[in-house]
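Beneath this line is the structure, given in structure tokens, with notes to follow.
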Amino acid sequence: MLQIEHLRKCFDGFAAVRDASLQVAPGEMVAVIGPNGAGKTTLFNLITGQLTPDSGRLFFKGENIAGLPAHRICRKGISRSFQVVNIFARMTVFENVQAARLSRLGKTRQLFAAACSMAVPQTMEILESVGLADKRDRIGGSLSHGDQKVLEMAIALGVDPDLLILDEPTAGMSPEETAVVLELMKRLNREMGLTILFCEHDMELVFSISQRIMVMQQGRSILEDTPPRVRCDARVQAAYLGGGDVC
Ligand code: ADP
Ligand code: MG
């Protein structure tokens with residue numbers, strides 16, 4: 001579904017992504033791990049078109065998408081959430097997801113019609129699937145941090161993606177909120193067949209739900225393998241697992 005080969009992106013001569021390669025097959029749940037500044041968000045920005053790569057190859061469903069604008073990549077089936085919550089804070093929960101549905105249907109202008117009645121069943125279906133149906137009339141900005149992050153995932157689902165990219169989906173969450181997102185990610189992947197690529201600092205979560213893990217360090221992908229093998233890698237042990245993990 002996604003094939004990344006030797007991707008590179010520099011900012012004023014500094015290579016934030018130096019040489020990143022990764023493959024994601026349909027239906028997979030793949031994690032990217034690495035310390036702060038490793039280049040994970042920059043990599044996601046390159047995949048989703050927020051940034052244009054300097055070099056390297058980027059294919060989605062066999063098609064070269066390197067350098068396409070974000071809205072075209074989104075229309076091809078890649079949708080994402082951001083490390084920092086990104087919702088319409090003054091719109092209701094329902095309107096936030098409805099806006100995404102309408103953009104998918106090419107009917108964004110309908111947003112300006114009062115009490116828009118379009119895409120209501122699909123919007124409710126998404127809200128029910130993420131557990132936000134009972135909060136449909138709440139103003140987005142008034143939700144708890146955890147619910148705002150879940151709402152952002154619901155917005156991403158609104159465009160009916162094949163590949164969902166989540167940048168630190170549990171950042172700043174309580175253990176209870178993290179558990180909710182963990183279950184949601186599992187359900188989206190296993191029951192709804194969505195392919196998910198995410199980065200995350202919670203190693204317990206990463207190792208419990210990923211089918212494969214890619215490790216990034218200083219802009220390079222240094223390892224891509226199954227969780228048990230990644231867990232046994234000496235570099236990963238030293239950096240994340242305190243060196244004492246038993247393989
Ligand atoms: P991560 O998500 O793994 O923490 P980032 O991709 O955010 O890493 O950042 C990788 C490196 O690139 C960091 O050193 C960061 O400061 C730098 N960087 C990211 N975006 C920019 C930018 N727009 N301009 C300059 N430097 C940037
Ligand atoms: Mg980041």
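The values are calculated or read from the model by the stated rules, or taken from the named source; none is laboratory data. Source: prediction; values computed, not measured. Glycine gets a Cβ as well: all are built from the backbone with ideal geometry, and neighbour counts include every protein chain shown. The area values use the complete protein model at the heavy-atom level, side chains included, leaving out ligands, DNA and RNA. Shrake-Rupley method; radii C 1.70, N 1.55, O 1.52, S 1.80 Å.
Before moving on, here are some points about what is shown:
- Segments 127-136, 197-206 sorted - mean Cβ within 10 Å per residue, highest first: 197-206, 127-136
- Förster radius 25 Å - calculated FRET efficiency between ARG138 and SER117 (Cβ-Cβ, nearest 0.05): 0.80
- On the chain, 50 percent of the accessible area sits on carbon and sulfur atoms, based on a 1.4 Å probe.
- Extension gain, MET203 back to LEU223 (0.36 nm per residue minus Cα-Cα distance, nm): 5.6 nm
- Among MET91, PRO35, LEU151 the positive-end extreme of the charge dipole of the chain (Cβ point charges): MET91
- Residues of region 138-175 with amide N under 20 Å of a point placed 7 Å along Cα→Cβ from ARG90: 138-144, 148, 152
- The count of lysine pairs in the chain that are at least 8 places apart or cross chains, and whose C-alpha atoms lie under 26 Å apart, stands at 18.
- Cα-based shape type of region 86-155, given that a ≥ b ≥ c are square roots of the gyration tensor eigenvalues and the cut on a/c is 1.5: prolate
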